[in-house]
Amino acid sequence: MAMLDIFYPKHCPICLDVLPPGKSLICAPCVKKIRYVRGPVCFKCGQPIRDETAEYCYNCRRKPPAFDEGIAWGQYGSQALRRMMSQVKYHQNPQLLDYPCLSMAKRFEEKVRSWEAEALIPVPVHEKRLLERGYNQAEEIANRLAEVWKIPVDAHYLVRRENTAAQKTLQNTERLLNLNDAFAVNGPVRKYRSVILIDDIYTTGSTAGACAKQLKAAGIQKVYSAVLLTGRS
Ligand SMILES: [Zn+2]
Ligand SMILES: [Zn+2]
């Protein structure tokens, strides 16, 4: 038994029970409870779509995001996965990401290889959140994916420009404009040819879109999106 397991027992990401010491990252019955993204997905963002005849989801049809293609692992509609994410974000428990990230990394390994990305770029969080939480959940996800995909994480190239905490009080259009200003590239242009943006949750795609826009403006030719959880449209 490793000493670390005694001091920091691992928890199952689904039921949150303490796992027996050793290599397991989830309890066996809980593997079956995960709601993966399955069935028809949007060709652009990878979000599940209800209309099987549609190629793109509502948001991608309405306003195609600036990234080239996206993948998503689990469904945000699942209560268990939502609870896991809130444990990660608000209860200092990033270890719960171990299993989901490993599962995601293996599932998309082949597709990701075809993207020939040179860096994983976590969506940056506000400085204030970072100080409160002590880590950026997107970076925690990126670090875990990086181990399997063997692509380095660059958490400094894309930065948050200012605190847009006032977002909630803004109207939709204002919010979008505001979001486009929220990110900036901090480094040489054309530092990479192809990168993958990493985030925890994808809803309308406005965050990934705003990040991709900045990266493309900095001369990055291919920008992909990989998110752990996604909504559905
Ligand atoms: Zn469990
Ligand atoms: Zn889409």
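Couple of notes before you dig in:
- Where residue 111 falls short, out of the listed (1) at pLDDT below 95; (2) touching a strand residue (DSSP E or B) at 6+ places or on another chain (Cβ under 9 Å); (3) charged (D, E, K, R): (1)
- Flag for residue 54 being in contact with a Pro (Cβ under 9 Å, 6 or more places away or on another chain) and either within 10 Å of ligand 2 (Cβ to nearest atom) or not in a helix (DSSP H, G or I) (or both): yes
- Test: residue in the range 31-44 that is part of a helix (DSSP H, G or I), under 22 Å from the mean Cα position of the chain (by Cα) and on the phi < 0 side of the Ramachandran plot: yes
- Selection within the range 23-47 - of a type outside the set (Lys, Arg), out of contact with any Asp or Glu (no Cβ under 7 Å at 6 or more places or on another chain) and within 15 Å of ligand 1 (Cβ to nearest atom): 24, 26, 28, 29, 30, 31, 34
- Of everything in the range 1-51 that is hydroxyl-bearing (Ser, Thr, Tyr) and modelled with pLDDT under 95, the residue that is surrounded by the most Cβ atoms within 10 Å (Cβ to Cβ) is 24.
- The one condition in (1) surrounded by 15 or more Cβ atoms within 10 Å (Cβ to Cβ); (2) over 26 Å from residue 27 (Cβ atoms); (3) modelled with pLDDT of 95 or more; (4) of a type outside the set (Val, Ile, Thr) that residue 116 fails to fulfil: (1)
The values are calculated or read from the model by the stated rules, or taken from the named source; none is laboratory data. Here the structure is a predicted model, which means the values were calculated and not measured. Because the Cβ atoms are built from the backbone with ideal geometry, glycine has one as well, and the counts that use them run over all protein chains shown.
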